[in-house]
Amino acid sequence: MKLRTIKYFFKESFTSLIRNRWMSLASIGAVASALIIFGSFLLLSVNFDYILKDVESQVEITAYLEDSVDEAGISELNKSIGAIEGVKEVKFISKEDAIEEFKEQVGRELLEGIENPLPNSFRIKVNDPHEVGTVAEKIQRFVGIEEVKYGKGIVEKLFNIIYWMRIIGMVIMAVFAAVSIFIISNTIRLTVFARRREISIMKYIGATDWFVRWPFLIEGMVLGLIGSSLAIGILAVAYNYLFITVKINLPMIALLPIEEFYNYALGFLGIGMLIGAFGSSFSIKRFLKV
Amino acid sequence: MIEMYGVTKIYPGGQVALKDINLKISKGEFVFVVGPSGAGKSTLIKLIFREEVPTRGQIFFAGKNITRLKHREVPYLRRRIGIVFQDFRLLPEKTVYENVAFAMEVVEASTRDIRKKVPQTLERVGLFHKANAKPSELSGGEQQRVALARALVNNPDILVADEPTGNLDPDTSWDIMNYLDDINKRGTTIIVATHARELVDTMKKRVIQLEKGSLVRDEERGAYSK
Ligand SMILES: Nc1ncnc2c1ncn2[C@@H]1O[C@H](COP(=O)(O)OP(=O)(O)O)[C@@H](O)[C@H]1O
Ligand SMILES: [Mg+2]
């Protein structure tokens, strides 16, 4: 392709963008909304994931021992539990340790003179929080284990929430993307209509389909690009604000660093451009059949 | 240059526009296609530059069967054909020069060629002095000459014109015909569909007469009617 031809394509596209400025703005707005909504859900779920990783690393299993288990049995169990796949760390807490810890929490005087009711126990950490359930089940089966406890259900629920958040984000994004494609294709249709005479002359002279098509594709892609850039800008400002607010007011919650957000920017530009290209190719198709 | 064998064209509505046409037009010929309105003249022209495809029969252009041309091959056929319409079909917002240059831009000619060929071709149709005018500032005859220049600028093998003088007064029509004759004398094959009886009678070129879609007469140095 000649440089002059490329210049011609861009000149034509930008002329149309300006000529149909209201439709162009509507298209840009539609693409931006689609991507802002998608981006919000994405950031929400990514952050949830990120925070959960933190919480997860604190998820522990507590296995209470029957009183009948002796010293040898304890070290035997300790070894067996440590050998389970996915177990990161096993820590033995004796009755005495447990009551000491408890006294620390509720106050020493209150428990003075009462016989220690707490059993011996193990605290177990796992590598992958997703496996807490299965590991707990395996521990439960050992002889000498009275009861196994962990944040049953909570972990699963949190994962479920993240999962659904992503699905909903995707669905809403798909709907908005379809709306954007529709609006862009209507914008381009106006351009095609304004230039139908020129297009038919071009075809008679012997222009190839691609020669006719490029200016419209570029117009659509430019609309998509501007829309997605707008979305990135707005999301970046909003997220930055959120990040700082959370950091000041809720310092214990660690949000995904703002730099990570920019990793998604390129993907957003790509999606915007694709939406634009799709929208315009719908409108041109009919006009090329001369 | 062009050969048609048993060409029939039936439009989707069932209208039979051409019936079993056989003809051969050689390189360098000047041919009038005549006949009353609705006889099929425009359809015959459209078949040549493949705006329409025949329902039956075969058409050859420079030895190549164009009935089975792929969609993406059509532009390259059209680059060998200059097309002129009754309504000129110029771009109103472009100047005379730009309208002609546009034809070369579309086929991605080099800037150097465009700068050389466009003034040359405008000179050929006597419009070099109007290069910067807009079509709306020109007379009908001048507009048609711009269209001629645009059709010629890419050096087509053949020029087809569908009622090129249909919108023009007799004097101007003569003028256009003289330009066409001149273009023909320099080697370009020319096919003109027309109603203009007087012009056909005077020019004494080959005449192909259509009636209700059938070829009823094909005569060298003929007149508009027998
Ligand atoms: N696109 C079309 N669809 C249906 N019928 C058509 C179409 N074009 C032409 N016709 C019909 O075909 C016949 C021949 O038309 P045309 O080739 O335009 O004749 P001419 O140019 O000699 O006046 C006419 O009856 C016309 O109504
Ligand atoms: Mg006609």
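From the residues A:Ala177, A:Leu250, B:Pro75, which one has its Cα farthest along the dipole of the protein assembly as shown in the positive direction, the dipole being from +1 and -1 charges on Cβ of Lys/Arg and Asp/Glu about the Cα centre?
After comparing all options, I get B:Pro75.
May I ask for the accessible area buried between chains A and B, both sides summed, probe 1.4 Å, to the nearest 100 Å²?
Approximately 2000 Å², summed over both chains.
Magnitude of the Cβ-charge dipole of region B:86-155, K/R +1 and D/E -1, about the Cα centre, nearest 20 debye?
200 debye
Size of the dipole of chain B about the Cα centre, Lys and Arg at +1 and Asp and Glu at -1 on the beta carbon, nothing else charged, in debye to 20?
820 debye
Could you tell me whether region A:160-290 comes out rounded, prolate or oblate from its Cα gyration tensor? Rule is a ≥ b ≥ c as square roots of the eigenvalues, rounded for a/c under 1.5, then prolate if a/b exceeds b/c, otherwise oblate.
Taking the square roots of the gyration eigenvalues as a ≥ b ≥ c, region A:160-290 is prolate.
With the cut-off at 19 Å, tell me which of the pairs A:Lys2/B:Lys46; B:Lys46/B:Lys226; B:Lys9/B:Lys204; A:Lys7/B:Lys94 have Cα atoms farther apart than that.
Cα-Cα > 19 Å for A:Lys2/B:Lys46; B:Lys46/B:Lys226; B:Lys9/B:Lys204; rest within.
Determine the principal axes of the Cα atoms in the protein assembly as shown, then give the extent along each, sorted from largest to smallest and rounded to whole angstroms.
Its Cα atoms span 135, 47, 37 Å along the three principal axes.
Sorted by packing (mean other beta-carbon atoms within 10 Å per residue), highest first, where do B:6-12, A:227-233, B:90-96, B:208-214 land?
Answer by packing, highest mean first, reads A:227-233, B:208-214, B:90-96, B:6-12.
Just the number please: accessible area per residue for the protein assembly as shown, 1.4 Å probe, all protein chains included, in Å².
51 Å²
As a test of reading the structure, rank B:Arg206, B:Arg72 by solvent-accessible area (1.4 Å probe, protein chains only), most first.
Largest to smallest exposure gives the sequence B:Arg72, B:Arg206.
Say each of B:Lys226 and B:Arg72 gets a label point 7 Å from the Cα, pointing the same way as Cα to Cβ; how far apart are those two points in nm?
For B:Lys226 paired with B:Arg72, the spin-label model returns 5.0 nm.
Helix A:265-284 versus the longest principal axis of chain A: what is the Cα-based angle in degrees, 0 to 90, to the nearest 10?
So the helix axis and the longest Cα principal axis differ by about 40 degrees.
With unit charges on the beta carbons (Lys and Arg positive, Asp and Glu negative) and the dipole taken about the Cα centre of region B:86-155, which residue among B:Ala149, B:Asn99, B:Gln86 sits farthest to the positive side?
Result: B:Ala149, furthest along the dipole toward the positive end.
Just the accessible area for B:Met177, please: 1.4 Å probe, Å², rounded to the nearest 10?
So the heavy atoms of B:Met177 present about 0 Å² to solvent.
Roughly how many nanometres apart are two label points built 7 Å out from the Cα toward the Cβ at A:Ile167 and A:Gln105?
Here the modelled spin labels are 3.6 nm apart.
Heavy-atom accessible surface, probe 1.4 Å, ligands and DNA/RNA ignored: which residues of region B:55-87 lose at least 40 Å² versus the isolated chain?
B:His71, B:Pro75, B:Arg78
How much accessible surface area, in Å² rounded to 10, belongs to the heavy atoms of B:Thr67 with a 1.4 Å probe?
Roughly 30 Å² of B:Thr67 is accessible to a 1.4 Å probe.
Checking buried surface per residue: for region A:196-213, which residues lose a minimum of 10 Å² accessible area in the protein assembly relative to the chain alone (1.4 Å probe)?
A:Arg197, A:Glu198, A:Ile201, A:Met202, A:Lys203, A:Tyr204, A:Ile205, A:Gly206, A:Ala207, A:Thr208, A:Asp209, A:Phe211
Roughly how crowded by other chains is peptide B:99-111, in terms of the mean Cβ count from those chains within 10 Å of each of its Cβ atoms?
So the per-residue partner count for this stretch is 4.
Let a ≥ b ≥ c be the square roots of the eigenvalues of the Cα gyration tensor of region A:4-52; is it rounded (a/c under 1.5), or, if not, prolate (a/b larger than b/c) or oblate?
In terms of gyration-tensor shape, oblate.
At a Förster radius of 22 Å, what calculated FRET efficiency corresponds to the Cβ-Cβ distance of B:Val53 and A:Trp210, to the nearest 0.05?
So the FRET efficiency works out to roughly 0.50.
Using a Förster distance of 60 angstrom, determine the FRET efficiency expected from the C-beta separation of A:Ile244 and B:Ala133, and round it to 0.05.
0.40
Can you give me the solvent accessible area of B:Thr202 with a 1.4 Å probe, rounded to the nearest 10 Å²?
80 Å²
Let me know the number of lysine pairs in region A:60-149 closer than 18 Å at the Cα, not counting same-chain pairs under 8 apart.
Lysine pairs meeting both conditions in region A:60-149 amount to 15.
Could you give the dipole magnitude of the protein assembly as shown about its Cα centre, charging the beta-carbon of Lys and Arg +1 and that of Asp and Glu -1, in debye to the nearest 20?
That gives the protein assembly as shown a dipole magnitude of about 4780 debye.
The values are calculated or read from the model by the stated rules, or taken from the named source; none is laboratory data. Treat the numbers as computed from the prediction; the structure is a model and nothing was measured. Note that each Cβ is placed from the backbone with ideal geometry, even for glycine, and that neighbours are counted across all protein chains shown. Ligands, DNA and RNA are stripped out before the accessible areas are found, and what is left, the full protein with its side chains, is counted by its heavy atoms. Shrake-Rupley method; radii C 1.70, N 1.55, O 1.52, S 1.80 Å.
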